[in-house]
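Reviewing the structure listed below.
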Amino acid sequence: MTSLPKFPKIKNLMVKGLHGYKDIFLEFKDVTVIVGKNGMGKTTLLKLIHSLLINKKDEYLVSICDFAELSFTDNESISFGGITDKLRSELLKFTINERLEEIKKTRGKKGISKAITDMILNDLEVNNKINDILKMHRDAIFFKEKTEKYIRNELKIRYISTVNISFNADNNIDVGNSVSTNLLDLATEKEMRELLKSENQLYKNAFLEQINVMLIDTNKKFFTSDNEYWILDGNTSKKITLSQLSSGERQLIYILVTAANIGNSPAVFLMDEPEISLHLSWQEKILDALRKINNNMQIIIVTHSPAMIMNGYMDSYVDIKNIITENNHG
Ligand SMILES: Nc1ncnc2c1ncn2[C@@H]1O[C@H](COP(=O)(O)OP(=O)(O)O)[C@@H](O)[C@H]1O
Ligand SMILES: [Mg+2]
């Protein structure tokens, strides 16, 4: 398995007091596949990671756990429900340095030794301020400006819930002029337009190649020109539209085109049960297809299908039972 280009990736996740009585510690690789039965907390885990990454200011994190921290390979972190000793000491250091500059300006070097005594007292004040903020803003998410900038300006975050996709695939909506479609096809259309518009032929070609590797199984072929795409049904030799495909085929197209559109950006690709609607052979191939389409994404999958990892991704396997510990003092 080739590894991702050098950019800060998610290194680990620590959660304390999940539902009040569980702790989680999980280390991530370029591809991480967390396998567990229904009700084991897979969706919860993925939503938690997503909420931390997008700095979602709502009650979700508050309702779900006491403390959560996502660390990156550059040793920066995002935390909720408290701050780590490391970040606390950095905040303290920062304010001390700031004050030192002030003192130099106003009192000159002689003032410094007296000032150090002041600063020790002030550390306590700063500490208390941090604690007050923590108490008053239970939903606050802490990270340094550098990390926030990286996440906001560079890192692309995609959350694909196939549970929602399946629902969206079957729910028709009226888009005007008596034309009815569904949310999945709408979303796919949007992604396809973006891909066709893109200047980068590399991702277009990779998408086309991989989707066609998959569609061989159902005797279909995907074509693109500069501004349109079409699918040929090998059984009837006729062009067909998205809506005439099976839900598995439509889901597959959506997932792969989304990956292609990430392009050159570093990205985190979160997927909840991608196996829904995908037959076994596609489940085995999808990770490889994703990695071949776009090698800039760190992939995190929660699933109950071990088939996902059978095709060369055994190293990515994490049993959800091994990352959750229950405690009785919560
Ligand atoms: N506040 C809570 N306290 C305790 N357990 C909870 C709470 N909220 C959800 N759960 C449990 O978490 C599980 C749901 O987790 P979920 O992430 O949807 O599982 P999965 O995706 O693995 O099927 C359920 O078993 C549910 O009972
Ligand atoms: Mg789930």
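The values are calculated or read from the model by the stated rules, or taken from the named source; none is laboratory data. In this text the structure is predicted, and so the values were computed from the model without any measurement. Cβ coordinates were reconstructed from backbone atoms using ideal geometry, including for glycine residues, and neighbour counts include every protein chain displayed.
Please specify each residue of the range 272-281 satisfying the condition of being surrounded by fewer than 23 Cβ atoms within 10 Å (Cβ to Cβ) and either over 17 Å from I211 (Cβ atoms) or under 19 Å from the mean Cα position of the chain (by Cα) (or both). Spell out how you get there, then give the answer.
The first filter runs over the range 272-281 and keeps only residues surrounded by fewer than 23 Cβ atoms within 10 Å (Cβ to Cβ), leaving 272, 275-277, 279-281.
Matches in the range 272-281: D272, E275, I276, L280.
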Checklist line | Residue, surrounded by the fewest Cβ atoms within 10 Å (Cβ to Cβ), within the range 169-187, restricted to residues that are modelled with pLDDT of 70 or more and of a type outside the set (A, V, I, L, M) | finding: N171
Next item on the list: Would you be able to say whether some residue in the range 8-29 is aromatic (F, W, Y) and in a loop (DSSP other than H, G, I, E, B)?
Entry: yes
Check: Which of the residues that make up the range 32-81 are more than 14 Å from the chain's Cα centre (by Cα), crowded, with 19+ Cβ neighbours inside 10 Å, in a helix (DSSP H, G or I) and within 12 Å of ligand 1 (Cβ to nearest atom)?
Finding: I64
Item checked: Subset of the range 23-73 that is within 14 Å of ligand 2 (Cβ to nearest atom) and of a type in the set (S, T, N, Q) - its residue that is farthest from S161 (Cα to Cα) -> N38
Check: Inside the range 237-257, can you point out the residues that are among the β-branched types (V, I, T) and crowded, with 21+ Cβ neighbours inside 10 Å?
Finding: I253, I255, V257
Notebook entry, point to check: Does L290 meet the test of being within 16 Å of ligand 2 (Cβ to nearest atom) and within 12 Å of R158 (Cβ to Cβ)?
Noted result: no
Notebook entry, point to check: So how many residues does the range 188-205 have that are surrounded by fewer than 19 Cβ atoms within 10 Å (Cβ to Cβ) and either out of contact with any Ser or Thr (no Cβ under 7 Å at 6 or more places or on another chain) or outside the structural domain of I165 (by TED's automatic domain parsing) (or both)?
Noted result: 11
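Residue-wise test of (1) at pLDDT 75 or above; (2) outside any helix (DSSP H, G or I); (3) more than 22 Å from Y60 (Cα to Cα).
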{"position": "D123", "(1), (2), (3)": "no, no, yes"}
{"position": "V126", "(1), (2), (3)": "no, no, yes"}
{"position": "R138", "(1), (2), (3)": "no, yes, no"}
{"position": "K146", "(1), (2), (3)": "yes, no, yes"}
{"position": "Y159", "(1), (2), (3)": "yes, yes, no"}
Next item on the list: For the range 245-259, indicate whether the set of residues that are touching a helix residue (DSSP H, G or I) at 6+ places or on another chain (Cβ under 7 Å), away from ligand 1 (no atom under 16 Å from the Cβ), part of a loop (DSSP other than H, G, I, E, B) and within 30 Å of S3 (Cβ to Cβ) is non-empty.
Entry: no
Next item on the list: Answer yes or no as to whether G20 is surrounded by 15 or more Cβ atoms within 10 Å (Cβ to Cβ), away from ligand 2 (no atom under 16 Å from the Cβ) and over 30 Å from N295 (Cβ atoms).
Entry: no
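Hey, can you tell me all the residues within the range 312-327 that are surrounded by 15 or more Cβ atoms within 10 Å (Cβ to Cβ) and among the polar types (S, T, N, Q)?
Going residue by residue through the range 312-327, those that are surrounded by 15 or more Cβ atoms within 10 Å (Cβ to Cβ) are 313, 316-318, 320, 323-324.
Listed by number, the list holds a single entry, S316.
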Next item on the list: Quick one: E284 ticks every box in (1) within 22 Å of the chain's Cα centre (by Cα); (2) in contact (Cβ under 8 Å) with a residue 60 or more places away in the chain except a single one, so which number is it?
Entry: (2)
Note to self: Based on this model, can you work out whether E209 counts as assigned by TED's automatic domain parsing to the domain that holds T32, closer than 17 Å to N294 by Cβ and over 24 Å from the mean Cα position of the chain (by Cα)?
What the structure shows: yes
Item checked: Failed criterion for N153 (all others in (1) of a type in the set (S, T, N, Q); (2) at pLDDT 75 or above; (3) not assigned by TED's automatic domain parsing to the domain that holds S277 hold) -> (3)
